[in-house]
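Peer 1: This is the structure I have questions about; it appears just below.
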């Protein structure tokens, strides 16, 4: 009955083994890589914006600031000079006199340098007082106004520009006499006034030196150009004035 039967052994199949590999490390690396790219992109954008502002916008801002600073300093200098001349009551005859020979020809001229030095010192004080009174001056300019376009002139954020005096004022004087025609000479006496103001704008600060020439005497005189001149008037006009230090340059400490 069982002679033709053959038994075959079949082993029990084993349960499959699953190996789980976490991708968290890869995801973490990918996240860091993307974050680094974002930071680099932001830095690159800021660098491009800064370069663009430095090339296109800042020259216009600086030019506007210098114009405003020059206007303020020029107005201050003119007001100080006028106020000093009015308060001292100095006239042309006080500053200079001319000597002629018997033929009516100009042979020399006398410049009262000490009196001019006194005037320079008074002008320095008045300029310093006015600059201290003004203090810092600030104004705002729309960013669109810096593009030079009328369409975008009033658009965009405002940039604050500040102008403030540094506190340095220098006054020198000089004079010259030149031939101006037949038997005519032109004599000029002037003051060279230098002051310094500081301009402060975003990402930029600089000191601007402003110079003004104020002519005290511009006179036509008959005669030829004399060979020399005298710097001081007679002693009677020097009473009460310290003649030991006839300096023509004054620096006001900040």
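Peer 1: Cut-off is 10 Å between beta-carbons; in what order do 58, 220 appear when sorted fewest neighbours first?
Peer 2: 220, 58
Peer 1: May I ask you to sort 136, 113 by Cβ crowding, counting other Cβ atoms within 10 Å and putting the fewest first? Spell out each step's value before the answer.
Peer 2: Details: 136 11, 113 20.
In order of increasing Cβ crowding within 10 Å: 136, 113.
Peer 1: Once the Cβ-Cβ distance between residue 136 and residue 42 is put in as r, and R0 is 35 Å, what FRET efficiency do you end up with, to the nearest 0.05?
Peer 2: Calculated value: 0.55.
Peer 1: Let me ask another. Hey, for a label at residue 219 modelled as a point 7 Å past Cα toward Cβ, could you say which residues of the stretch 79-100 have their backbone N under 15 Å away?
Peer 2: It comes to 90-100, nothing else.
Peer 1: By how many nm would the segment from residue 71 to residue 93 lengthen if fully extended, with 0.36 nm per residue of separation less the alpha-carbon distance? If you can, show how the numbers build up before the last one.
Peer 2: Values: separation 22, 0.36 × 22 = 7.92 nm, distance 3.20 nm.
Extending this stretch completely gives an extra 4.7 nm.
Peer 1: If neighbour count is taken as other Cβ atoms inside 10 Å, put 214, 43, 159 in order from fewest to most.
Peer 2: Going from least to most buried by this count: 43, 214, 159.
Every read-out reported here was derived from the displayed coordinates using simple, explicitly stated rules and does not represent laboratory data. Everything numeric in this text was worked out from a predicted model, so none of it was measured. Virtual Cβ from ideal backbone geometry, glycine too; neighbours counted across all protein chains shown.
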